[in-house]
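S.K.: Mind having a look at this structure? Questions to follow.
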Amino acid sequence: MSDDILALDAKHVWHPFTQAATAAPALHAVRGQGAVIETADGKQYVDLVSSWWVNLHGHANPVIARAVAEQAGTLEQAIFAEFTHAPAARLAAKICAQLPGDLDRVFYSDDGSTAVEVAMKMARQYWGNMGQDRRVYVGFDGGYHGDTVGAMSLGRTSGYFGAWESMLFPVEIAPFPHTWDGDDTIEAREAAALADFDAILDRNQGQIAAIIIEPLIQGAAGMRLCRPEYLRAVAERAKAAGTLLILDEVMTGFGRTGAVFACQKAGITPDMICLSKGLTGGFLPMAMTVTRDFIYQAFLGQDVSRAFLHGHSYTANPLGCAAGLASLELLLGAECQARIQAIEAIHRARLDRMAGLAAVSKPRLCGTMAAFDLPNGEAGAKLKLIFRERGLLLRPMGNVLYLLPPYCMNDGALHHAWDIIEDEVSKISGADPCCASRKSSGPWMTNSVIP
């Protein structure tokens, strides 16, 4: 039966972020439980990347599954331009209650790219409704915000969008001074970055629609961290310049940085925040763009052209909202909060041990995300296959190896994963891409930079 599925997949399915001509065959997943995905051949893989960072509480979490099933028997969909429903209203209220300041207006959409695109369109129209023609956006070097045209334009320095360069519109790109454990150069590099940022603001006075940044962690850039101090400096300058600050918390939201939202950890209140990935605990695609009330008020009036004329067919889908409510309740519970702290503590101890290995550099930690650099991308590509052979699902990004496990993962399982990682990385010298006994030129190497 598995052969049939794999044959059908090979014949009909186009996989994301994959060079099908060279990639290894897809694994045939048949079930998941907790941090484990099982394939049709009976093998089990520990999902240390939370299936592209969406799975918070483990696969097939029974609490979320029940919530979705119960909602499916009551109301599966209703056109949101005409109706509201309890799951959407309650989820919006509960999310807003967790956010700082007056971030209290939720616009639902379907994924992280769209959440960012919505924010960009809102910013452009907000200024238009206020009688100002502002067209400049400011992004940050290495930033990744999704795959729609506006999001790609912001992420033009991420290295993913060369094929569509001619489609992208101009964006000012500011430095992102990333840092790591033991970095004694960060203060000087932050000062230089802020000087460059100030120059961007100066030459675009009165023209900037919004400044958009991934707070604390740039995910697809290789889990690059910035300090809260830098974020606060950016927020202060955005306010002084009289422009909007948008935080892309598609990856960092819902506990990944240790706080429920990265903006809380940084101590800043943006004008808009983009949420997705962990919003439904990994069950269904859904996103939010949450704005401060003054932005919402600028869209009100007697003329429909002043309204935000954007939406999609499944806006605020009741099944997704039900999953979101159940996931948020689990996240805020004492058990989950304790697990987040425990995962961070284990990461800290194991990263400190890994730091002594010849092949490890720039170890870094933020909440439940741990990462370090390998000597080169070839080492990362080879390790990906080795880890798969040993039952770990890890996806190094070039020369960056990272862990972002679901919160349900217990101490023993996480230590076991780190034991395997330490064992394999210890076989790599600082100069050689991988140990001699593991040398290969497998086709999977061509996909090594994909998150």
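S.K.: Go through region 16-128 and tell me which strands (runs of 3 or more DSSP E), entirely inside it, have 3 or more residues that are under 21 Å from residue 263 (Cα atoms) and among the hydrophobic types (A, V, I, L, M, F, W, C). Outline the logic, then answer.
M.R.: Working: elements: 29-33, 36-39, 44-47, 103-109.
Of the strands (runs of 3 or more DSSP E) lying wholly inside region 16-128, those with at least 3 residues that are under 21 Å from residue 263 (Cα atoms) and among the hydrophobic types (A, V, I, L, M, F, W, C) span 103-109.
Matching residues to (1) touching a strand residue (DSSP E or B) at 6+ places or on another chain (Cβ under 7 Å); (2) among the charged types (D, E, K, R); (3) in the same structural domain as residue 320 (by TED's automatic domain parsing):
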{"position": "3", "(1), (2), (3)": "no, yes, no"}
{"position": "17", "(1), (2), (3)": "no, no, no"}
{"position": "25", "(1), (2), (3)": "no, no, no"}
{"position": "54", "(1), (2), (3)": "no, no, no"}
{"position": "57", "(1), (2), (3)": "no, no, no"}
{"position": "76", "(1), (2), (3)": "no, yes, yes"}
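S.K.: When residue 254 is evaluated against the numbered criteria (1) among the aromatic types (Phe, Trp, Tyr); (2) surrounded by fewer than 23 Cβ atoms within 10 Å (Cβ to Cβ); (3) in contact with a strand residue (DSSP E or B) (Cβ under 8 Å, 6 or more places away or on another chain), which criterion, by number, is the only one it fails?
M.R.: Answer for residue 254: the failing condition is (2).
S.K.: Scan region 248-265 residue by residue and report those that are within 24 Å of residue 122 (Cα to Cα) and not in a loop (DSSP other than H, G, I, E, B). So that I can check it myself, show each step before the final result.
M.R.: Filtering region 248-265 down to residues within 24 Å of residue 122 (Cα to Cα) leaves 248-254, 261-264.
Scanning region 248-265 gives 248, 262, 263, 264.
S.K.: Assess whether residue 84 counts as being among the hydroxyl-bearing types (Ser, Thr, Tyr) and in contact with a helix residue (DSSP H, G or I) (Cβ under 9 Å, 6 or more places away or on another chain).
M.R.: no
S.K.: If you don't mind, there's one more thing I want to ask. Out of (1) farther than 22 Å from residue 105 by Cα; (2) crowded, with 17+ Cβ neighbours inside 10 Å; (3) charged (D, E, K, R), the odd one out for residue 292 is which?
M.R.: (1)
S.K.: Six or more apart or on different chains, Cβ under 7 Å: which pairs go from a residue in region 319-342 that's in the same structural domain as residue 407 (by TED's automatic domain parsing) and at pLDDT 95 or above to one that's of a type in the set (S, T, N, Q) and not in a helix (DSSP H, G or I)? Could you list them?
M.R.: Partner pairs satisfying both residue conditions: 340/368.
S.K.: Still on this structure, please answer the following. Could you list, in sequence order, the residues of region 92-143 that are in contact with a Gly (Cβ under 7 Å, 6 or more places away or on another chain) and β-branched (Val, Ile, Thr)?
M.R.: Listed by number, the list holds a single entry, 116.
S.K.: Any idea which of (1) over 21 Å from residue 209 (Cα atoms); (2) touching a Phe, Trp or Tyr at 6+ places or on another chain (Cβ under 8 Å) is the one residue 282 doesn't satisfy?
M.R.: (2)
S.K.: On to the next question. Consider residue 87 carefully, then state whether it is under 26 Å from residue 53 (Cβ atoms) and crowded, with 21+ Cβ neighbours inside 10 Å.
M.R.: Considered against the rule, which asks whether it is under 26 Å from residue 53 (Cβ atoms) and crowded, with 21+ Cβ neighbours inside 10 Å, residue 87 comes out as yes.
S.K.: Within region 164-191, restricting attention to residues that are outside any helix (DSSP H, G or I) and of a type in the set (Gly, Ala, Ser), which residue is farthest from residue 400 (Cα to Cα)?
M.R.: Ranking the qualifying residues of region 164-191, first place goes to 174.
The values are calculated or read from the model by the stated rules, or taken from the named source; none is laboratory data. Treat the numbers as computed from the prediction; the structure is a model and nothing was measured. Quick reminder, even Gly has a Cβ in these numbers, built from the backbone with ideal geometry, and neighbours come from all protein chains shown.
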